[in-house]
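In what follows, a structure is listed as structure tokens, so that the remarks can point back to it.
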Amino acid sequence: MKKSGNYSGIDCFRLIAALLIVAIHTSPLLSFNETADFILTRVIARVAVPFFFMTSGFFLISRYSCNDEKLKVFIKKTAMIYGIAIFIYIPINIYKGYFSMDNLLPNIIKDIVFDGTFYHLWYLPASIIGAAFAWYMVKHLGYKKALIVSIVLYIVGLFGDSYFGITEQINVLKQFYSLIFQVFDYTRNGIFFAPIFFVLGGMIADTNFKGSIQINGIGFSITFVLMIAEAIALHTFKVQRHDSMYIFLPVCMFFLFQLLLYWKKRRFVLIRMAALIIYIIHPMMIVIVHFLAKFLGDIIVENSLVNYFIVSLLSVVFSIIATIFINTFTASRTSIKKKWCSETERAWIELNLNNLAHNVNVLQEVMPEKSTLMAVVKTQAYGHGAFQIATCLNQIGVKAFAVATIDEGIQLRTYGICGEILILGYTNPNRAKELKKYDLMQTLIDFKYAKALNRQGIAVKAHIKIDTGMNRLGVSFDNINEVKTIFSMKYIKVCGIYTHLCCADSLLPQEVEFTKNQIDNFYYLIDKLKERGVQIPKVHIQSSYGLLNYPELVCDYVRIGIALYGVLSKTDKNTKVKLDLRPVLSLKARVVLIRSVSKQDTVGYGRSFQAKHDSVIAIVSIGYGDGFPRDLSNQKGGVLIRGQYAPIVGKVCMDQLAVDITEIEDVSVGNVATLIGFDMLDISAPNVAEHFNSISNELLCRMGSRLPITIR
Ligand SMILES: *Cc1c(COP(=O)(O)O)cnc(C)c1O
């Protein structure tokens, strides 16, 4: 449960929250007991809107959102939905005489910006203002200060809402609030009410609050009961002007949201849209049910519970139909886009992100319960595109990444990637400031390096690399004193200690022995450090083959690179654990020209290919400039066209290559050539790599330069 990042709890609670909001507007229990209805609709149901704000904050606001793109998209989307909603409710507004009010223009502006043009629509402008406000506060002040500011705003809001009775007793306050209420109808809006929930959502996403399900459960139960008591007291003494804001509401929401995060099975993505549609459409359904009552009998409006169920039912049915409709409409639009988009005109990478998610799942299944998957996304995520891969991984709950360079790390942060990022290679110590700013963890490649970094006088997080036999980076495992000294360096916060295995891919007895020796060396050092009272940080040893051949090791992280992308380095599939890994990348290009050549004609540079008989040649628009190896010239490589294999003839050029299609019928210009991937037959990355004496790791990471990336 701990590992998968699926937010079933959040998804499902959206539906509950939407139905609670319908309850607020229909008062289901009013026919039976007024107090019960008050508790249901004015207290319990008040968790719904804060929940929606927190959810937006959870996915939107994160410390690392160094680019504002995410926020812009959110605002644009919400504004569009708001526009549509305003439009939908115009007829009802006309019917209610909205447009005949005094001071129409200033009032319309006020309503559009703060109060909503229809009573429930305030949520949408509040979302926009709250999100932007919280975003900029978190970005410029950090979470703590942002939280303090939003708490102050919330308190100001409280005294214009549930605690207004107190305000009225104090003259200064009364005057202050009468000013406020000239601008807004309620303090329950994007300025006083929404920011605290956005900030809380973001905080929960970014920080790992410890706290078990029990603690959160108890916290929620207590604060929930206290909130009900608070509300009843305020209600009884008639203190409330409005009933949206309670002192215990944010606290109770904090626990509730944490609890929802424990439920991680699968995502129910469609609920998101359905819940939003229910939210927007249910007042319309209330009107419709009133209208239907003329024909179906007054029971459907007079009995509040019946009324609630009918309104909910209609809203849910409408939302399901609308969701399906919108979904097929947008899906067909994207597939059209795919057909014509310029990205697939020449040569491109096609990613299957479902396979990526699948690989994450199968890898996590073989990992010990306590290990965390650290996704290695160096070199443009092995040529797959760091943005696409890291964003997708982040969305499915991967929260630890490894890169080779500091610039790759910064790049991830600007994409909005949250979680830990470890730099595996060398970084110039004079860039310590950036390490700190972007919250990157640096590998200490030897003792001298650790000292140099410490001398910068800037607190940075680091992992100590230990050399156990590879003789590349790392402090030697028997240099216990040096390692221990690093732990006491003032400006170095050691978060991890790790080693790298250099022949974990081999099952030959002598290599296995060497690897076991490496592992023993590493734990020897760890034991010695323990003996000397060093608090051991996170430890990690394995990369892809390390996990597949030594699954019994229990470490805090497993650094997975190549396996994540669904292939192994070599065609030899003989590993101790065998997994159903599925390739994420396909490499494709267009046939741009077809020509006939006569017997003895040559093709391409250096005239290295000579036709043995009259042949048909297709020119495919991809070359070594795109990363496709020149070593695959002259039949060492080939492509799939119309499900058949066509060998490469002549030398691979920088921007194109030629293939022999004499044996393939009906090839025409514009046909797709598959260089890596599946088209009736399969060309796998390890296979291609083997043809130029390399491994799929190299083959794939060559692709990161010029090729556009499309998502299947
Ligand atoms: C690249 C790298 C990895 C990932 O290796 P794969 O074999 O692709 O899983 C792990 N650890 C270190 C130190 C690396 O440099």
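The values are calculated or read from the model by the stated rules, or taken from the named source; none is laboratory data. All figures in this text were calculated on a predicted structure; none of them were measured in a lab. Glycine gets a Cβ as well: all are built from the backbone with ideal geometry, and neighbour counts include every protein chain shown. Note: accessible area is taken over every heavy atom of the protein model, side chains too, but ligands, DNA and RNA are not part of it. Shrake-Rupley method; radii C 1.70, N 1.55, O 1.52, S 1.80 Å.
Post the alpha-carbon centroid distance, the stretch 248-299 to the stretch 611-686, in whole angstrom. Taking the Cα centre of the stretch 611-686 as reference, the centre of the stretch 248-299 is 54 Å away. Its residue count N sets the reference 2.2 N^0.38 Å, and the alpha-carbon radius of gyration of the chain equals 1.16 times that reference. Work out the charge dipole of the chain with +1 on the Cβ of Lys and Arg and -1 on the Cβ of Asp and Glu about the Cα centre, then indicate which of His358, Ala452, Ile326 is farthest towards its positive end. Value: Ala452.
Given Cβ point charges of +1 (Lys, Arg) and -1 (Asp, Glu) and nothing else, what value in debye, to the nearest 20, does the dipole of the chain about its Cα centre take? Computed about the Cα centre, the dipole is about 1220 debye. Cross-link partners of Lys484 among lysines, defined as those whose alpha carbon lies under 26 angstrom from its own and excluding same-chain residues fewer than eight positions apart: Lys370, Lys433, Lys436, Lys448, Lys451, Lys461, Lys465, Lys493, Lys516, Lys528, Lys530, Lys538.
The long axis of helix 509-531 is offset from the longest Cα principal axis of the chain by roughly 50 degrees. The label-point distance for Ser212 and Thr35, in a model that sets each label 7 Å from Cα toward Cβ, rounds to 3.7 nm.
A simple charge model with +1 on the Cβ of Lys and Arg, -1 on the Cβ of Asp and Glu and nothing else charged puts the dipole of the stretch 486-596 at about 660 debye relative to its Cα centre. For the stretch 213-221, 3J(HN,Hα) computed residue by residue from phi via the Karplus equation (6.51, -1.76, 1.60; θ = phi - 60°) reads 4, 5, 4, 5, x, 5, x, 5, 4 Hz, glycine and proline entered as x.
Working note: 222 nm ellipticity from helices only, DSSP H runs with n ≥ 4, each -39,500 (n - 2.57), summed and divided by the residues of the chain, gives -15500 deg cm²/dmol to the nearest 500. Considering only Leu585, Phe609, Val620, and ranking their Cα positions along the charge dipole of the stretch 582-631 that arises from unit charges at the beta-carbon of Lys, Arg, Asp and Glu, the one farthest toward the positive end is Leu585. Spherically averaged projected area of the convex hull of Cα atoms, the stretch 512-637: 12.7 nm². For the chain, the longest principal axis of the C-alpha atoms and the axis of helix 8-26 are separated by about 20°. Based on every Cα atom in the stretch 583-712, Rg and the maximum pairwise Cα distance Dmax equal 13.9, 42 Å. For Gly637, the residues 5 or more places off, or on other chains, whose built amide H falls under 5 Å of its own are Ile648. Tell me which residues come under 5 Å, amide H to amide H, from Asp467 once H is placed; ignore anything under 5 positions away on its chain. Under 5 Å from the amide H of Asp467 lie the amide H atoms of Val475, Ser476, Phe477, each far enough along the sequence or on another chain.
Percent of Cα pairs in the stretch 42-181 per distance bin of 5 Å, from zero to the largest separation: 2, 8, 14, 17, 17, 18, 14, 7, 3, 0. Under the convention that each Lys and Arg Cβ holds +1 and each Asp and Glu Cβ holds -1, the size of the dipole of the stretch 32-97 around its Cα centre is about 220 debye. Within 10 Å, at most 13 other Cβ atoms, and a DSSP state outside H, G, I, E, B define an exposed site. Report the longest part of the chain free of exposed GluC sites (Glu not before Pro). Result, exposed sites excluded: 1-368. Along the axis of the charge dipole computed for the chain (Cβ charges of +1 for Lys and Arg, -1 for Asp and Glu, origin at the Cα centre), the listed residues Phe38, Tyr523, Ile196 are led at the positive end by Tyr523. Working note: Karplus 6.51/-1.76/1.60 with θ = phi - 60° gives the stretch 242-248 the couplings 9, 10, 9, 10, 10, 4, 7 Hz, where Gly and Pro are set to x. Based on alpha-carbon centroids, what's the gap between the stretch 94-138 and the stretch 155-173 in Å, whole number please? Taking the Cα centre of the stretch 155-173 as reference, the centre of the stretch 94-138 is 22 Å away.
Relative to the dominant Cα principal axis of the chain, helix 123-158 is inclined by about 60°. Rounded to the nearest 0.05, the FRET efficiency derived from the C-beta distance between Lys516 and Ile222 at R0 = 60 Å is 0.70.
Between Lys484 and Ile320, the FRET efficiency from the beta-carbon distance, with R0 = 56 Å, is close to 0.35. Per residue, the solvent-accessible area of the stretch 306-430 (1.4 Å probe, heavy atoms of protein chains only, all protein chains present) comes to 44 Å².
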